[in-house]
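Enquirer: For reference, the structure I am asking about is given below.
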Amino acid sequence: MKMLKRMFPLWTVVVAVLGAGWMSGRFAEFHQVFDVKVTGKGRPVILVPGLATSGAMWDDTVAALRDRYEFHVLTLAGFGGPKAVGEPFLPRVAKGLVEYVDERRLKAPIVVGHSLGAFVAFAAASDCPGAFAGVMAVDGVPFLPALMNPAATPAAMEAQASSVRSMYAGMLPEQYRQQTDFALASMITSPANRLRASEWTRAATPTAVGTAFAELLTTDGRPAAARLTAPVLLIGALGAMPPALRDSAREAYRAQVSGIRNATVVFAEDARHFVTLDDPAFFQRTLEAFLARVPAGETVPCEASKGASQ
């Protein structure tokens, strides 16, 4: 009897936790697909890094603006956060982001994503439009292949995606580092900043990178993104683009969000893919202007917001 009395408080906790999970219909799984570092005070802003990159890519932004905003910086599983989770990966991250907003009771946060992080931002906000006051995409789009080929389809990309998975799964650590550094050379202007970005990718596992990249190639998020009613801002990076191709590139970026009723596209004329590094003043100015024009509002429960957006 004494043993039962000692156990009773523990069982009340277990029952309470289980009951909360049953009442909500799920247990939050976001901790399995990303870590979060919270810094600053003010309006909540969620920052999602790109492919293979840790949340450290947002350090300069957070340092400059932390006195005015509360930043929730993600590092994804397999990219320096929790251990890699396999496939499907990006849908779980998007779902986890919605769960994180719900569990932390964030009031109408704005989600900002770079590259793959922008894809995640579009997916999460499409799945639960009322959870986010706005979406800012930094050189990331709902369907990457169509940025280069307007006729691209997920089915047509399957073979390439399979090759990407296999290539990364077979990489040795040194091969992965060489491949990553080669890619970064075309994405960042300054050699010093390339070294910084290279450090941000060191903790990523090649298999996780290949999985995420393959999912980017075979997932068209444009139809779902058309449900969005909150303001959307897409930054297209043109710094690595030859002048003769810039007009067509602008049209390709605009086409990515043409189905979203409240979308705006701006261009970083002098910045390559890592806009936050190549032109931090432009990025921070653009971010603050976007935050200023997006109403704070209230977070709408997911099912209610889906109904309102249809």
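Enquirer: Running a GNM on the chain with Cα contacts under 10 Å, which residue among Ala108, Ala296, Ala192 ends up with the highest mean-square fluctuation?
Expert: Ala192
Enquirer: Compute the acute angle (0 to 90°) between the alpha-carbon long axis of helix 206-217 and the principal axis of greatest extent of the alpha-carbon atoms of the chain; round to the nearest 10°.
Expert: 70
Enquirer: Another question, if that's okay. For the chain, what is Rg from Cα atoms divided by 2.2 N^0.38 Å, rounded to two decimals?
Expert: On the way: Rg = 20.2 Å, N = 310, 2.2 N^0.38 = 19.5 Å.
Its radius of gyration relative to the 2.2 N^0.38 Å reference: 1.04.
Enquirer: Here's a follow-up. Go ahead and estimate [θ] at 222 nm for the chain from helices alone: -39,500 (n - 2.57) per DSSP H run with n ≥ 4, summed, over the residue count, rounded to 500.
Expert: It lands at -15000 deg cm²/dmol.
Enquirer: Using alpha-carbon pairs under 8 Å, 6+ residues apart, how would you state the relative contact order of the chain in percent? Before the final figure, lay out each step's value.
Expert: Details: 591 pairs, mean separation 63.5, N = 310.
Relative contact order for the chain comes out at 20 percent.
Enquirer: A follow-up question, please. Angle check, please: helix 116-127 long axis (alpha carbons) against the longest principal axis of the chain (alpha carbons), in degrees 0 to 90, nearest 10.
Expert: 50
Enquirer: Let me ask something else about it. Compute the helix-to-body angle for 173-187: its Cα long axis versus the longest principal axis of the chain, expressed 0 to 90° and rounded to tens.
Expert: The angle comes out near 60 degrees.
Enquirer: Further, regarding this structure: Dipole of the chain (Lys/Arg Cβ +1, Asp/Glu Cβ -1, origin at the Cα centre): which of Asn193, Ala56, Tyr100 lies farthest to the positive side?
Expert: Value: Tyr100.
Enquirer: Taking θ as phi - 60°, what are the ³J(HN,Hα) couplings along the range 267-283 by the Karplus curve (6.51, -1.76, 1.60), each to the nearest whole Hz, with x for Gly and Pro?
Expert: 10, 8, 5, 10, 9, 7, 3, 7, 4, 4, 8, 6, 8, x, 5, 4, 5
Enquirer: Also, quick follow-up: Expressed as a fraction of 2.2 N^0.38 Å, the rule-of-thumb size for a compact globular protein of N residues, what is the C-alpha radius of gyration of the range 204-308? Write out the running numbers ahead of the final one.
Expert: Working: Rg = 16.4 Å, N = 105, 2.2 N^0.38 = 12.9 Å.
Against the compact-globule rule of thumb, the ratio is 1.27.
Enquirer: Provide the gained length on full extension for the span Asp181 to Thr229, in nm with one decimal, where the gain is 0.36 nm per separating residue minus the Cα-Cα distance. Let's see the in-between values first.
Expert: Values: separation 48, 0.36 × 48 = 17.28 nm, distance 3.82 nm.
Gain on stretching Asp181 to Thr229: 13.5 nm.
Enquirer: How are the alpha carbon pair distances in the range 30-97 distributed across 10 Å bins from zero to the largest one, expressed in percent?
Expert: Computed distribution, short to long bins: 23, 51, 23, 4.
Enquirer: For Thr276, Thr180, which order do you get if you count the other beta carbons within 10 Å of each Cβ and list the fewest first? The partial results should precede the final answer.
Expert: Numbers: Thr276 27, Thr180 22.
In increasing order of surrounding Cβ atoms, one gets Thr180, Thr276.
Enquirer: Calculate the dipole size of the chain relative to its Cα centre from +1 charges on Lys and Arg beta carbons and -1 charges on Asp and Glu beta carbons; express the result in debye to the nearest 20.
Expert: Details: 30 positive and 27 negative charges, 201 e Å.
Dipole size: approximately 960 debye.
Enquirer: Gly140's amide H: which non-local residues (gap 5+, or another chain) put their own amide H closer than 5 Å, with H modeled 1.01 Å from N in plane and none for Pro or chain starts?
Expert: For Gly140, whose amide H was placed from the backbone, the distant partners under 5 Å are Ser115, Ile235.
Read-outs: derived from the displayed coordinates by stated rules, not from any lab. Because the structure is a prediction, the values reported are computed rather than measured. FYI the Cβ positions are ideal-geometry reconstructions off the backbone, even for glycines, and counts take in every protein chain you see.
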